[in-house]
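First the structure, in the form of structure tokens, and then the observations on it.
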Amino acid sequence: MLETKNLSIHFGGHKAVDAVSCTFQPGTLTAIVGPNGAGKTTYFNLISGQLKASSGSVWLDGLDLTNLPAPARTRLGLGRAFQLTQLFPHLSVLENVRLAVQARRGLGLRMFSVWLQHQDLIDEAMAIVERVRLQTRAQATAASLPHGDQRKLEVALLIALQPKVYMFDEPTAGMSVDEVPVVLDLIRELKAQGQHTILLVEHKMDVVRELADRIIVLHNGQLVADGEPAAVIASPVVQNAYLGAALPADEMEDART
């Protein structure tokens, strides 16, 4: 469904993402891990269109997305959640979700006329608000929500868009221990549906072990490991790149191959 071919971006002489080729299939959850500065979020930004690639390409269902801006990629089925929440801060929780439903249906962003004319928009939005356990905060403004509830609201916006590909960039970052299970349960539900491609950048290895069908590891912008979670986590290249274990250069090369 989703493929990157030799995807790269250079900032001056620095290769933030260096010729990463990967294919992501429907019905799978792939965790993207690596140390800070490895290029994980930059890789997400290249896929979703927040950054323009220096070289390489991004494909979805056989369509070349490389030269399309982020909104066009969203319309074609790429859904992205960010490390920092992207919400309408002065609108209510319900209004945020209703606008996402409205946009998906091609009705634009007229805030009040469509709201009043289409009760079904409100009903669908409220069902999603309940799904992310925010029904008691439905009329609260997004800006007034604690951080954990803002993360849940961002997941609600993604669900409202009904994308083919869900991209979660550290969805549990900054959340309390009590808040994390709700977001993880939502991701589990999406995975269980079986038709979505899910990409997850996550530092918590217990979350990765539980949710991922596959792990890819980025280090210095390069793809250095790709496979089933247990094998990847145990591999020498991951011990070196992600966990900081010492490993000679020749063994690093052997691990990659």
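The values are calculated or read from the model by the stated rules, or taken from the named source; none is laboratory data. Just so it is clear, the model here is predicted, and its values are computed rather than measured. Positions of Cβ are backbone-derived with ideal geometry, glycine not excepted, and every protein chain shown enters the neighbour counts.
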Legend entry - Neighbours by Cβ (under 6 Å, 6+ apart or cross-chain): first from the stretch 125-151, under 9 Å from V93 (Cα atoms) and touching a residue at least 40 places away in the same chain (Cβ under 8 Å); second surrounded by fewer than 16 Cβ atoms within 10 Å (Cβ to Cβ) and aliphatic (A, V, I, L, M): none
Inset, instruction - Within the stretch 8-44, track down each residue that is small (G, A, S) and under 17 Å from P229 (Cα atoms). - result: G27, A31, G34
Legend entry - Condition met for Q102 (crowded, with 20+ Cβ neighbours inside 10 Å, without any contact (Cβ under 8 Å) to a residue 60 or more places away in the chain, under 28 Å from S144 (Cα atoms) and touching a helix residue (DSSP H, G or I) at 6+ places or on another chain (Cβ under 9 Å)): yes
Inset, instruction - Inspect the stretch 176-183 for any residue being free of Cβ contacts under 8 Å to residues at least 24 places away in the same chain, more than 16 Å from the chain's Cα centre (by Cα), in a helix (DSSP H, G or I) and within 21 Å of G77 (Cα to Cα) and give the result as yes or no. - result: no
Legend entry - Residues being among the charged types (D, E, K, R) and either on the phi > 0 side of the Ramachandran plot or over 11 Å from the mean Cα position of the chain (by Cα) (or both) - total across the stretch 161-171: 2
Legend entry - Candidates Q150, Q139 - the one that is of a type in the set (S, T, N, Q) and outside any helix (DSSP H, G or I): Q139
Inset, instruction - Looking only at the stretch 75-88, decide whether some residue is surrounded by 18 or more Cβ atoms within 10 Å (Cβ to Cβ), within 23 Å of R151 (Cα to Cα), of a type in the set (D, E, K, R) and in contact with a helix residue (DSSP H, G or I) (Cβ under 6 Å, 6 or more places away or on another chain). - result: yes
Legend entry - Leading residue by the ranking (surrounded by the most Cβ atoms within 10 Å (Cβ to Cβ)) among those in the stretch 18-44 that are under 18 Å from W59 (Cβ atoms), hydroxyl-bearing (S, T, Y) and within 14 Å of the chain's Cα centre (by Cα): Y43
Inset, instruction - Answer yes if at least one residue in the stretch 145-160 is modelled with pLDDT of 90 or more, over 18 Å from the mean Cα position of the chain (by Cα) and surrounded by 14 or more Cβ atoms within 10 Å (Cβ to Cβ), and no otherwise. - result: yes
Legend entry - Wholly enclosed strands (runs of 3 or more DSSP E) of the stretch 27-95 bearing at least 2 residues within 30 Å of V237 (Cα to Cα) and free of Cβ contacts under 8 Å to residues at least 60 places away in the same chain: 55-60
Inset, instruction - Please state which of the following conditions I215 fails to meet, knowing it meets all the rest: (1) within 25 Å of L7 (Cβ to Cβ); (2) β-branched (V, I, T); (3) at pLDDT below 90. - result: (3)
Inset, instruction - Would you please name the residue that is surrounded by the fewest Cβ atoms within 10 Å (Cβ to Cβ), looking only at residues in the stretch 217-234 that are among the aliphatic types (A, V, I, L, M) and either under 11 Å from I32 (Cα atoms) or touching a residue at least 24 places away in the same chain (Cβ under 8 Å) (or both)? - result: I233
Legend entry - Residue satisfying all of: in the stretch 28-53; of a type outside the set (V, I, T) and in contact with an Asp or Glu (Cβ under 7 Å, 6 or more places away or on another chain); nearest to E189 (Cα to Cα) among these: L29
Inset, instruction - Taking only the stretch 62-72 into account, find how many residues are more than 17 Å from T23 (Cα to Cα) and either in contact with an Asp or Glu (Cβ under 8 Å, 6 or more places away or on another chain) or surrounded by 12 or more Cβ atoms within 10 Å (Cβ to Cβ) (or both). - result: 3
Inset, instruction - Return yes or no: is R214 touching a residue at least 60 places away in the same chain (Cβ under 8 Å), surrounded by fewer than 21 Cβ atoms within 10 Å (Cβ to Cβ) and basic (K, R)? - result: yes
